[in-house]
Amino acid sequence: MSEIFKENEYEIDKILIKICYCFFAFYQLLFVSTLSFKINLILVIFGVIISLIPILYYKSSSDRSKFKWITIIFLIINITIMYSAFYANVMLLWVIPIIVATRF
């Protein structure tokens, strides 16, 4: 039975890292589109840095037991940054951390 749990944890980690890569790619696109707006540019650069933290943790850590919690925390920070920069256009992204948190 524990083998099933380990396999499930591995699959969830793969899904979470794909979500983190999507956030990182999205922030790179926002960086290009907000070069003329200095305030939003600062928020986008901060978002890029925040979205890199779970990816770097996943790549560098051999113990991935806290990866889900780190990812959820930084997804919430990322979405808060996006919401402060782009207001109502980001409301649907609040669903992502909720779905991730209910998966385990």
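The values are calculated or read from the model by the stated rules, or taken from the named source; none is laboratory data. Because the structure is predicted, anything quoted here is derived from the model rather than measured. Every residue, glycine as well, gets a Cβ built from its backbone with ideal geometry; the counts of neighbours run over all protein chains shown. For the accessible areas, the whole protein counts, side chains as well, though only heavy atoms, and no ligand, DNA or RNA atoms are used. Shrake-Rupley method; radii C 1.70, N 1.55, O 1.52, S 1.80 Å.
Rolling a 1.4 Å probe over the protein chains gives Lys18 an accessible area of about 130 Å².
Using heavy-atom solvent-accessible surface (probe 1.4 Å) with all chains present, what is the largest-first order of Ile81, Ile76?
Output order, biggest surface exposure first: Ile76, Ile81.
Loop-resident GluC sites (Glu not before Pro) (DSSP state other than H, G, I, E or B) in the range 1-33 with no more than 13 further Cβ atoms inside 10 Å of their Cβ are absent.
Where does each of Tyr10, Tyr58 land when they are ordered by accessible area, with a 1.4 Å probe and the largest first?
The ordering from most to least exposed comes out as Tyr10, Tyr58.
Note that the range 1-83 presents 64 Å² accessible area per residue, ligands and nucleic acids not counted, probe 1.4 Å.
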